[in-house]
1. Could you list, ordered by first residue, the pairs with Cβ atoms under 9 Å in which the first is in the stretch A:44-60 and at the interface with another protein chain (Cβ under 7 Å from one of its Cβ atoms) and the second is part of a loop (DSSP other than H, G, I, E, B) and of a type in the set (S, T, Y), at least 6 apart or interchain?
2. Any chance you could count how many residues in the stretch C:262-295 are assigned to a strand (DSSP E or B) and either of a type in the set (G, A, S) or touching a residue at least 40 places away in the same chain (Cβ under 8 Å) (or both)?
3. Considering each of A:P148, A:P94 in turn, give the residue that is within 7 Å of chain C (Cβ to nearest Cβ) and touching a Pro at 6+ places or on another chain (Cβ under 7 Å).
4. From the list A:I314, A:I252, which residue is within 10 Å of another protein chain (Cβ to nearest Cβ), in contact with an Asp or Glu (Cβ under 7 Å, 6 or more places away or on another chain), crowded, with 18+ Cβ neighbours inside 10 Å and touching a residue at least 24 places away in the same chain (Cβ under 8 Å)?
5. Identify, from the list C:P142, C:P165, the residue that is more than 14 Å from chain B (Cβ to nearest Cβ) and out of contact with any strand residue (DSSP E or B) (no Cβ under 7 Å at 6 or more places or on another chain).
6. Has the stretch A:291-309 got at least one residue that is of a type in the set (A, V, I, L, M, F, W, C), within 16 Å of ligand 2 (Cβ to nearest atom) and either buried (at least 23 other Cβ atoms within 10 Å of the Cβ) or touching a residue at least 24 places away in the same chain (Cβ under 8 Å) (or both)?
7. Could you please find all residues in the stretch C:332-349 being more than 13 Å from chain A (Cβ to nearest Cβ) and within 16 Å of ligand 6 (Cβ to nearest atom)?
8. Which of the residues spanning the stretch A:208-245 are within 16 Å of ligand 3 (Cβ to nearest atom) and over 20 Å from A:G184 (Cβ atoms)?
Amino acid sequence: MIDTSMYKDDPGYNIQELLDKPYDPELADREYNPDKPMAGRLTDQGPPHFEQFFPEVIKKNYGKWLTHEFLQSGVIKYTSETGDVMWVVRCATPRLVTTNLLREIADIADKFCEGCCRWTTRNSLEWHVTDEGTLKELIEFLNNLKHPGGSYKFPIGGTGAGITNIVHTQGWIHCHTPATDASGMVKSVMDDMFEYWNSHKLPAKLRISMACCLNMCGAVHCSDIALLGIHRKPPFVEDDRITGVCEVPLAIAACPTAAIKPATVELADGKKVKSVRVKNERCMFCGNCYTMCPAMPLADEEGDGVAILAGGKISNRITRPSFSKLIVPYIPNELPRFDSVCKIVRQIVEAYEKGANKYERLGDWATRVGWERFFEQCNLPFTDKSIDDYRLAYDTYHTTTQFKWSSHTDKMM
Amino acid sequence: MAVDKEELKEKIVEFATKKSKFKSKMYIKDLYKADPDAKPREVKNAANELVREGRLEFFSSGSTTMYGVPGFGKSEAQQFEGEE
Amino acid sequence: MADLKKHDTPLLNELKKGPFPSFVDDLETRANSGVQCCYDLLGQLELSYNHKETHWKHGGIVGVFGYGGGVIGRYSDAPKEFPSIAHFHTLRVNQPASKFYNSRFLRKLCDMWDHRGSGICNFHGSTGDMILIGTSTDQLEPTFYDLSHQFDMDLGGSGSNLRTPSCCMGKARCEFSCLDTQAITYDLTMTYQDELHRPAFPYKFKFKTSGCPNDCVAAIARACTSIIGTWRDNIRIDQKAVQAYIGGELKPNAGAFSDRDWGAFDIQKEVIDLCPTRCMWMDGNELKIDDRECTRCMHCINVMPSALRPGVDCGATILNGAKAPILEGAQMSTLIIPFMKMEYPYQEFKDYVELMWDWWMEEGKNRERLGELIQRQGLAHYIIDILGREPIPQHVREPRSNPYPFWKEEEVPGGWTRSLEDFRKRHAA
Ligand code: HEM
Ligand code: HEM
Ligand code: HEM
Ligand code: SF4
Ligand code: SF4
Ligand code: SF4
Ligand code: SF4
């Protein structure tokens, strides 16, 4: 049991009674007055206390779990020192969900799990049950739930030595700087990798992450495989609109590499306006200028696409955490199903599956066999773009005479 | 020695208004210059109180929050809605 | 419902195929129940699939009145074709730590969001918040009013605020957890409400808490302050269970390798030889660990969870400074405090936070993350002068390889002012 008494005066300590009251759609319209925003206002409530959402078995066994076992991909059995047993079923979700789907989740929670459920850091959904009969029914129920187009609503898997759900960002669904789409790419890659989602046949865990521009809201930089949207063209400058819609000094200040300089330019009609010029060779294509200035759009059909990085990890297990490394610098956006991205991910995963030792993460395998061998075994070309020329580049130079002969050196002989 | 909050607030508004004529959005760090004797935390608290009073306003750059003086700079409507 | 307008989406329809859950089908199902903005969102996405370019514009809205974060402004650049998503702002809602929910909460949230917005969400955003995607400017205040009055809930952080802290599920489910991850996350979130809602810093700041070095929330890669559970005493060994693994009664790694034939479990090859510090051995039928040499990498415990458990004298290792690559390159958090007890009310931790924040607020440049400031002013300066801690070998992977430390005047006997006259008495010019 957790001691929560010190928090009992917090607004979110127990919101269950409040939740039992039906939602009142008119309350805010009745009580909130835009001219007096502070009247009746509640602020700094913070999040609800987590314990009230736990299933009973977790409240009782908090901190007392002894061990766990994966019965199959996506099904985990937990044993407590109190003798209690709990099963957890993990399912994928696409992260982008509607209230229609959330209501269905609430119904399943009521039907099988005392009304409770949990989301994981990687956007999967987890169900908790305490008897084997319910577990069987739940699994069967989930296996039969499909969308009209035939995809599973809640496919079971994502544990152990397989590929778990992809963490990703907004893409064209909701952001102004993406170089590619997130949801569609994740769907395409996971469809193709589905056999690894619901099995334990890889040498270790394999994490794929996706971010749709350099800002990397999805922090993909430490993933076994990272899919990253990249722009390759500097922004436009709309001279005839810029003074109308944005403040030039703000656009200049937004640029992290100081690539934007003020300039007075002459429009077609001879009028002189204060605008800006971009030093193209300094631009790192981050889109910050477009954030501050709608007259500097960045997106470009031909310039934009996807980079693939690999060999990073977060866990401290055996070897230290490490960054993903740039493997494929650019793949055009192929819509709707990102065929080349899927194909390259498969090449990497299959080479890893074949070559790595048990317990060896993708990056540890590549380090052991050597990156020259990695490129060879994944059947991917090595390009100049994988040689670092950004800050701290020297960290990746090869300061030893120890290297392997590979197809790359064979060609030179 | 702590700075008087009301005095600090006046200094911030004066400083921000002057600056706004050139650049209407500023970072919290810029506001430190309104009173070099004030501690960062004091400036932050004063600036946020000014926002509650409606004398300053927030602006989002996507990843950073900036301060502005209401009435200066491009309005949300000018930038993104009607435009032209 | 007669005036619902559905757009042709031949490209997106391809994304209904295949086994993985289709977001297109979900959005379309909702659209079919009479929600125009879902049709329009699909329509605009189809347009992006045709143009290979986004159709969103950024807006400067940050939050509700008095808050400097929690809302992201979005406008469509094709409002004539897709009028119902012309304004389509996002609200970030602070999730309960480790993301357990119940059906009462979910249903009421659905009722609210169907009424106030699009009914489209992210469960969850990459920092951990629930993300409510899509509403107009005039609904932002009422949505916040509903959240605070009808749910006792609040917005999460964005902008140069403290971002919503997040954590792994810790003791709720995981026997490896050395920390009450949720309790720490909840306490920090409540303690720092002002920093979370109102900009206080040069840039964003993140806390993330993982219960053990497996680091399931990626604290070491994503957080300015990574709080990662560890222990000071010995790994607890159940020798009977070790024998059960050796004998094959228990499955190695809790069955995580079950779909491939890796042969019989070999404790020497799979555990002892893979231990990065080679601090384990078999003494007859007994597994021995030289715990003083163990770096708590978790490998042996992961392989034999029924036989090995972390120690009982637990606390946190505190690391600082992870950030995404813009601008100075990506950084992972670096070890600062090897061990700190983490018990309510976390006073020692909060004292450390104050020292760190005061320094960053004073010295950090605009948009400079803590990790970049540490690099700019030096790790040693941060550890010794700011935090008042002793330098120890654990602070570096290896000692520097150049002999160019900047000596301070007070470190050299006699200081830097000296008599040229005396020097010249000894040395002719
Ligand atoms: C393909 C490349 C990358 C991807 C897909 C990626 C993905 C991610 C994801 C998903 C997060 C977590 C975000 C969250 O939940 O808060 C994250 C955070 C982070 N990433 Fe990356 N990342 C990538 C590259 C990098 C690189 C190159 C670096 C640094 C060199 C980096 C540094 C960080 C840091 C420091 C965080 C924590 C940042 C923060 O919380 O602000 N990432 N990344
Ligand atoms: C009982 C529950 C869990 C156990 C015992 C567990 C165990 C582990 C272990 C052993 C690793 C290291 C794997 C390796 O390096 O080979 C790991 C990594 C990881 N876990 Fe968990 N985990 C649990 C739950 C979760 C959950 C619920 C999530 C989130 C959804 C999660 C997310 C991760 C992630 C993202 C990593 C990979 C970090 C990396 O990239 O290296 N884990 N976990
Ligand atoms: C300079 C860097 C960054 C900029 C300019 C930036 C900008 C943005 C913008 C504009 C959005 C809104 C997307 C939308 O909903 O339409 C967003 C969302 C988000 N960003 Fe960032 N971002 C940056 C870096 C990061 C990093 C490094 C992280 C985390 C590691 C992060 C975490 C998030 C999260 C959690 C969201 C919420 C939506 C989601 O999860 O996709 N951002 N960011
Ligand atoms: S990664 Fe870039 S494009 Fe994607 S949501 Fe974040 S800021 Fe937007
Ligand atoms: S895209 Fe980024 S680097 Fe390029 S000009 Fe704009 S702000 Fe500067
Ligand atoms: S970080 Fe450690 S304690 Fe937390 S869930 Fe992962 S394995 Fe368990
Ligand atoms: S935790 Fe890691 S270092 Fe410690 S004994 Fe186990 S394998 Fe060795």
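1. A:P47/C:T164; A:P48/A:Y13; A:H49/A:T4; A:H49/A:Y13; A:F54/A:Y62
2. Of all residues in the stretch C:262-295, those assigned to a strand (DSSP E or B) come to C:280-283, C:286-289.
Pick out the ones that are also either of a type in the set (G, A, S) or touching a residue at least 40 places away in the same chain (Cβ under 8 Å) (or both) and you get C:286-287, C:289.
Residues flagged as assigned to a strand (DSSP E or B) and either of a type in the set (G, A, S) or touching a residue at least 40 places away in the same chain (Cβ under 8 Å) (or both) within the stretch C:262-295 amount to 3.
3. Checking each option against the conditions leaves just A:P94.
4. Only one candidate passes the filter, namely A:I314.
5. Values: C:P165 fails: out of contact with any strand residue (DSSP E or B) (no Cβ under 7 Å at 6 or more places or on another chain).
Within the list C:P142, C:P165, the selection yields C:P142.
6. Checked the stretch A:291-309: at least one residue is of a type in the set (A, V, I, L, M, F, W, C), within 16 Å of ligand 2 (Cβ to nearest atom) and either buried (at least 23 other Cβ atoms within 10 Å of the Cβ) or touching a residue at least 24 places away in the same chain (Cβ under 8 Å) (or both).
7. Within the stretch C:332-349, C:M342 is the sole residue that qualifies.
8. Those that are within 16 Å of ligand 3 (Cβ to nearest atom) and over 20 Å from A:G184 (Cβ atoms): A:A219, A:H221, A:C222, A:P235.
The values are calculated or read from the model by the stated rules, or taken from the named source; none is laboratory data. Just so you know, these numbers come straight off a predicted model, no measurement behind them. Backbone-built Cβ (ideal geometry, glycine too); neighbour counts: all protein chains shown.
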